[in-house]
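I have placed the structure first, in the form of structure tokens, so that the comments after it can refer back to it.
The values are calculated or read from the model by the stated rules, or taken from the named source; none is laboratory data. On a predicted model such as this, the values are computed, not experimentally measured, just so you know. Glycine gets a Cβ as well: all are built from the backbone with ideal geometry, and neighbour counts include every protein chain shown. The area values use the complete protein model at the heavy-atom level, side chains included, leaving out ligands, DNA and RNA. Shrake-Rupley method; radii C 1.70, N 1.55, O 1.52, S 1.80 Å.
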Amino acid sequence: MMPCPGLKVSHVIFVIVILITIVFYSSLNGRHFILEPRRYANHRKNDPSPLLANRTLQPATVADKALVPPSGPERQKCNVFQIVVQGCGFNMLTKTLERAQQQEKNQTQLLAQQMQQEQQQQQQQLLLSQDQPEQETAPEQANNIQRIPNPSSVKLSAAAAGSSSSSSLPPAPPVPTVPEADGEKVIKTRDLYHSGHLPDGACVANLCPRNGTDVTLLILVTSAPTHREQRLAIRQSWGHYGSRRDISIGFIVGQTDEARIEDQLAAESYMYSDLIRGNFIDSYRNLTLKTISLLEWTKLHCPNASFLLKTDDDMFINVPKLLQFMEAHSNQRRTIFGRLAKKWKPIRNKKSKYYVSPEQYYPPVFPPFTTGPAYLLTADIISEMFEKSLSQTYLKLEDVYTTGIVAQLLNIHRINVKEFLNRRIAFNQCNIKKAISIHMVKNNEQLDLWKKQVDTSVSCT
């Protein structure tokens, strides 16, 4: 028998060594080593560290028991020949795969149960919400129109409460219950308005002595209770014209329920004698009540004045320019002068600050009106405007209501005057000298504008 060509003894030896190595390692892999689980404390049981001197070993906890592998069938021992020929170990692999599939199925079932429980909870919440009464969600509901008792009654009630006497005045009448349309009250103005003002003889004597016989121009500035700085800026600038005998400048302010602000207003009124306190809660929704209160005060205490200028506390008024305009229109009657707005449509968006419901005002267009920052009225219409304004459906847009709806019903002329800018402009001297009213003026700008207005070194054509 001829030996295989090229076959060497070294090759045979190499193959035998490889086979022996494979058989040896396969026998090692088939062995089952069981390690006894030990706690961390047991590892340091014989540690001589002094920190462990006072420690005592505790029995195994649940977490410790979880470290112990669960008892089960002993691992099968397989060598290379058994793995290849007999399929040894494949049963264990099959069982492992089955166990993994079972765990995945259990997790899927658990997730399905959780989703079902969440759906049931949502259905229960929906049923509960349907059972509860609906709540109003109209915008600015917190600032509803409010009424307050007569101020003199409030003071007397406070005095009676502070004394030991058991007598007390009857409470103020409650706010009337009225139907609401889309969160806006539909109600006659006379049902909201309380006539009268805080008694202040010094203010009346200062602004309109002898019922305003000598007053050619009465300027009433609508202001908020907290706008003390705005009022002071006006007094220190263009408000100086109020020192003239024929010009009176006052501020009309509502009331609050904060004692600190009321005390500040009382001190300010005592200092300057130019604060008119109306009988209404001062808020945005009550601006129309503030204007009506302004008309009432003028009717009662200053009926002989020639003109009334209604303006706001963020306005600069060029008083000399206004006096020139009044002199040119001194024979005018039953007229309102200002920045005329035409063909304005009511805003029907409920989220808007200027929302007007169809129940409050149905026509698609407002009548022409003079915008609210500043407008001038001839004195002969004050009384009838006050009376007529009480008989209409209340609208919080005071300029639309007063100079538009009410003036239209009374056939009062409304004339556009371009010098009533009622907006913010560039503060150069010629712009200021030509304008009667400028809007959105800050406190620190009032004095600067007044200085430019009285400066005669600059001539404008």
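Some notes on this structure:
- Flag set for residue 207, criterion: modelled with pLDDT of 95 or more and under 21 Å from residue 377 (Cα atoms).
- Members of region 237-278 found to be in a loop (DSSP other than H, G, I, E, B) and closer than 21 Å to residue 205 by Cα, listed by number: 244, 245, 246, 273, 274
- Single unsatisfied condition, residue 426 versus (1) open to solvent by 40 Å² or more (accessible area, probe 1.4 Å); (2) in contact (Cβ under 8 Å) with a residue 12 or more places away in the chain: (2)
Okay, residues lined up against (1) over 19 Å from residue 344 (Cβ atoms); (2) among the β-branched types (Val, Ile, Thr):
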residue	(1), (2)
362	no, no
365	no, yes
370	no, yes
375	no, no
379	yes, no
387	yes, no
391	yes, no
397	no, no
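- When residue 355 is tested against (1) at pLDDT 95 or above; (2) crowded, with 18+ Cβ neighbours inside 10 Å, exactly one condition is not met: (1).
- Complete set of residues in region 393-416 that are closer than 18 Å to residue 354 by Cβ and of a type in the set (S, T, N, Q): 393, 402, 403
- Every pair of residues 6+ apart whose Cβ atoms lie under 9 Å, when the first sits in region 323-346 and is over 14 Å from residue 365 (Cα atoms) while the second is small (Gly, Ala, Ser): 326/306; 330/306; 336/407; 338/372; 338/374; 338/437; 339/374; 339/437
- Filtered residue count, region 227-236, keeping only those that are assigned to a helix (DSSP H, G or I) and open to solvent by 20 Å² or more (accessible area, probe 1.4 Å): 5
- Test: residue in region 371-384 that is in contact with a strand residue (DSSP E or B) (Cβ under 6 Å, 6 or more places away or on another chain) and β-branched (Val, Ile, Thr): yes
- Complete set of residues in region 412-423 that are more than 30 Å from residue 391 (Cα to Cα) and exposed (fewer than 15 other Cβ atoms within 10 Å of the Cβ): 418, 423
- Count of residues meeting criterion [closer than 17 Å to residue 223 by Cβ, at pLDDT 95 or above and either surrounded by fewer than 21 Cβ atoms within 10 Å (Cβ to Cβ) or within 26 Å of the chain's Cα centre (by Cα) (or both)] in region 285-321: 10
- Scanning region 330-347 for residues that are hydroxyl-bearing (Ser, Thr, Tyr) and under 16 Å from residue 372 (Cα atoms) turns up just one, 335.
- Being open to solvent by 10 Å² or more (accessible area, probe 1.4 Å) and either under 27 Å from residue 380 (Cα atoms) or in a loop (DSSP other than H, G, I, E, B) (or both) is a description that applies to residue 224.
- Scanning region 322-342 for residues that are surrounded by 20 or more Cβ atoms within 10 Å (Cβ to Cβ) and not hydrophobic (A, V, I, L, M, F, W, C) yields a count of 2.
- All of 390, 409, 377 fail the test of being open to solvent by 30 Å² or more (accessible area, probe 1.4 Å), modelled with pLDDT of 95 or more and under 21 Å from residue 293 (Cα atoms), apart from 409.
- Scope region 394-406; condition touching a residue at least 60 places away in the same chain (Cβ under 8 Å) and either open to solvent by 40 Å² or more (accessible area, probe 1.4 Å) or aliphatic (A, V, I, L, M) (or both); matching residues: 395, 397
- Looking only at region 347-362, residues that are in contact (Cβ under 8 Å) with a residue 12 or more places away in the chain, part of a loop (DSSP other than H, G, I, E, B) and among the aromatic types (Phe, Trp, Tyr) come to 2 in all.
- Residue within region 177-196 that is at pLDDT below 70, outside any loop (DSSP other than H, G, I, E, B) and of a type in the set (A, V, I, L, M, F, W, C) present: yes
- Tabulated pairs, region 363-382, first over 17 Å from residue 314 (Cα atoms) and in contact (Cβ under 8 Å) with a residue 60 or more places away in the chain, second polar (S, T, N, Q) and open to solvent by less than 10 Å² (accessible area, probe 1.4 Å), C-beta under 7 angstrom, 6+ apart or interchain: 378/335; 382/298
- With respect to (1) over 29 Å from residue 384 (Cβ atoms); (2) touching a residue at least 60 places away in the same chain (Cβ under 8 Å), the lone exception for residue 239 is condition (2).
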